[in-house]
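What follows is one structure encoded as structure tokens, with my remarks underneath.
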Ligand SMILES: [Fe+2]
């Protein structure tokens, strides 16, 4: 992390000028290193992965304290943590147009093994990260371990779950199910309650706003540790842009042509801050989030985007009884192209298991909390798109696909349940493991106030827990185990982690079992 006086002047010599410029934030972080936001790897292939960093000597300042010029960043990959055996190296240009982010696509490496990587700029060296390549396509594989997590609201609590999951051993990948940042700023609303931490500024709208919001999150050492420890597959949900957005529509009725300006800013900021390939480069509001990965002959992963192509939420959004608009058979949550891609992939799948890595709850969940009340559905989840869910389930049933596990986020609680063709009737077709949040919602409790009513009205549920944490998935050739890990607290640092429950699915026999 050392930087010589000469190089400091050469590399970030514009800082003196930019300090005097109007700042978009109140707080400032002063540092000599341009690598304050850590490093990351993602989207692995059998011969490589993406390496990411973003130069930011003063991360919360306009332009991150950098001159608006191109900078050449070197990267290297080694087979050992001490970089005694460097096996690949290169340079990437960090451009002001992209917030001085770096996306190095490394190729030519060996499959299914760990590597270590770092960046250098002048005399400054980044922290070291560990990445992992995919196994060879179709090769025999006995085990994959991955972790599912997301929903890390900075204001609601500390990212202890990221610290703990960074310490998990033998992890092939981490999947982030969205809500990497939260655009809302409770602290900035008049009369809002105190929170453990506060966002640095009010709600982001411009590209620079979003860049600063990502910077604040990425300064968190626990989040940095999770990136440095594992290769990530990232997908987005709503809060990377705006709560409950749906393609052209935000939740406030903003004219689509105006909301599109915000979508462009958030899409570019997402690309800049994630370890994504150039195939996900933003074009206007569009960004390629849905994509596929295969782990040998064992696991085919289908990473979904249920936000960018969906119809608007029906019935005025929120928690509502079922309505005619929701039941329109044409309604879609993935859009036609993504639906075709998923359906044809599942039908042709070669892997022993299919993972549908999905954002919002897929199983129908009646949310009423009093007997005698009408059924209540979350119109932002698949419950607002019942025809789309029935198309997926009918496809699974017709194609006799008996190896599907669905993972989900969004709810900020842990749910385990089976999916049936109709409510909880008939044989199960797939199992959904819905993971809680890293911090969103604060400490929570094992049993929340509405838990008994939800369990009573939803016989497909096998567990409901309202604490924070993450889910470890161990995928074997015939046996899938999901381990739910929860924290006693996130509103103070270093909450205690424990295993809340373990569940299993047997290949070819849909339906969840207690492990
Ligand atoms: Fe969330």
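Every number here is computed from the coordinates shown, using simple stated rules; none is lab data. What you see is a predicted model; the values in this text were computed from it and never measured. Note that each Cβ is placed from the backbone with ideal geometry, even for glycine, and that neighbours are counted across all protein chains shown.
Here are some notes:
- Taking every DSSP helix (H) stretch of at least 4 residues in the chain, weighting each as -39,500 (n - 2.57) and dividing the sum by the residue count yields a mean residue ellipticity at 222 nm of -5500 deg cm²/dmol.
- With R₀ set to 41 Å, the beta-carbon distance separating residue 112 from residue 247 gives a calculated FRET efficiency near 0.65.
- Helix 256-273 vs. the chain, principal-axis angle (Cα, 0 to 90°, nearest 10): 60 degrees
- Inter-label distance, residue 202 to residue 139: 5.4 nm, where each label sits 7 Å from its Cα along the C-beta direction.
- Computed from Cα atoms, the angle from the helix 386-398 axis to the main principal axis of the chain rounds to 80 degrees.
- Fully extended contour minus Cα-Cα distance, from residue 72 to residue 421, at 0.36 nm per residue: 120.2 nm
- Computed over the range 71-130: relative contact order in percent, which uses C-alpha pairs under 8 Å that are six or more apart: 36 percent
- Efficiency of FRET between residue 47 and residue 95 - r from beta-carbon atoms, R0 25 angstrom, step 0.05: 0.45
- Potential lengthening of the chain between residue 493 and residue 283 amounts to 71.6 nm, from the contour at 0.36 nm per residue minus the alpha-carbon distance.
- Here the spin labels are modelled as points 7 Å beyond Cα on the Cα-Cβ line, and at residue 170 and residue 450 they lie 3.9 nm apart.
- Dividing the mean sequence gap of close Cα pairs (under 8 Å, 6+ apart) by how many residues the range 450-515 holds gives a relative contact order of 23 percent.
- Among beta bridges identified by DSSP and lying wholly in the range 350-496, the antiparallel ones come to about 70 percent.
- Centre-to-centre, using Cα atoms only, the range 397-411 and the range 181-244 are separated by 30 Å.
- Length gained on full extension, residue 254 to residue 328: 24.2 nm, using 0.36 nm per residue less the C-alpha separation.
- Per residue Cα convex hull volume in Å³ - calculated over the chain: 143 Å³
- Principal-axis analysis of the Cα atoms of the chain puts helix 207-218 at an angle of about 80° to the longest axis.
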